[in-house]
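No lab work stands behind these numbers, since they all come straight from the coordinates. Model, not experiment: these values are computed from the prediction. Here Cβ is always computed from backbone atoms with ideal geometry, including for glycine, and neighbour counts include all displayed protein chains.
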Amino acid sequence: MNQTIKLFRDDELKNRIIKKTGGELLKCYNCGTCTAGCPVSQIRDFNPRRVLRKINLGLNVDEDIWQCVSCFTCNARCPNGIDIAKVMDALRIEIQKDKRAGKHANVIFNRAFLETVENYGQLYELGMLMKYKIKSGNLFQDIEFGLPLMLKGKMGLLPHKSGNAKAAREIFRRVREIEERDEK
Ligand code: SF4
Ligand code: SF4
């Protein structure tokens, strides 16, 4: 999604990411080792080095950062020990705060996923898909995959609540509390 953070002006994004992740990314010297090891970069137009570079230069990040699968390979390889995966996470969080980005399918999917985990303490696939489809308007996308899964009993009609649902809700509550505190 070339969404992205055309939403942020000047150094706003850079400052937000630095605040969220510490100043670590300022240590990046653009060597490209992270990109060389990134499995997504091998098959898609995605480049973690470029993402960090753009942030550091105060430019808009227009990469599809939702392609990052949080595998941490870049972290393991970075000679400066920069937590690149955390930077990607912080970017996703910042994007979701903006109402305009909220209309993007990836953001809608992410929210639908988290809402079902918050409600049931575990993923409720059908509930998540219904939320996603209604909000995104992609009603028939991938339907040829969904129906066989349901027919084979791989995707339940009704949600199962985890015994730890209460604890999961508490985690979400605390995370919101931390985010609100960090925003101040
Ligand atoms: S965490 Fe993301 S950016 Fe880093 S190597 Fe994995 S997919 Fe690539
Ligand atoms: S490996 Fe580390 S120092 Fe090199 S470009 Fe990636 S983040 Fe920057």
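Summary table
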{"quantity": "Diffusion coefficient, µm² s⁻¹, Stokes-Einstein with Kirkwood Rh over alpha-carbon pairs of the chain at 25 °C and 0.890 mPa s", "calculated": "135"}
{"quantity": "DSSP loop chymotrypsin sites (Phe, Trp or Tyr not before Pro) with at most 15 other Cβ within 10 Å excluded, longest remaining stretch of the chain", "calculated": "73-139"}
{"quantity": "Shape of segment 104-183, Cα gyration tensor, a/c cut at 1.5", "calculated": "oblate"}
{"quantity": "Residues of type lysines that Lys166 reaches as a straight line, Cα spacing below 28 Å, ignoring anything fewer than 8 places off in the same chain", "calculated": "Lys20, Lys86, Lys97, Lys131, Lys133, Lys135, Lys154, Lys184"}
{"quantity": "Under 11 Å, Cβ to Cβ, from Gly32 - net charge with Lys/Arg +1 and Asp/Glu -1", "calculated": "+4"}
{"quantity": "Gap separating the Cα centres of segment 24-100 and segment 108-161, nearest whole Å", "calculated": "28"}
{"quantity": "Normalised contact order of segment 56-184, rounded percent, pairs of Cα under 8 Å and 6 or more residues apart", "calculated": "20"}
{"quantity": "Environment charge at Asp182 (Cβ cut-off 13 Å; Lys +1, Arg +1, Asp -1, Glu -1)", "calculated": "+3"}
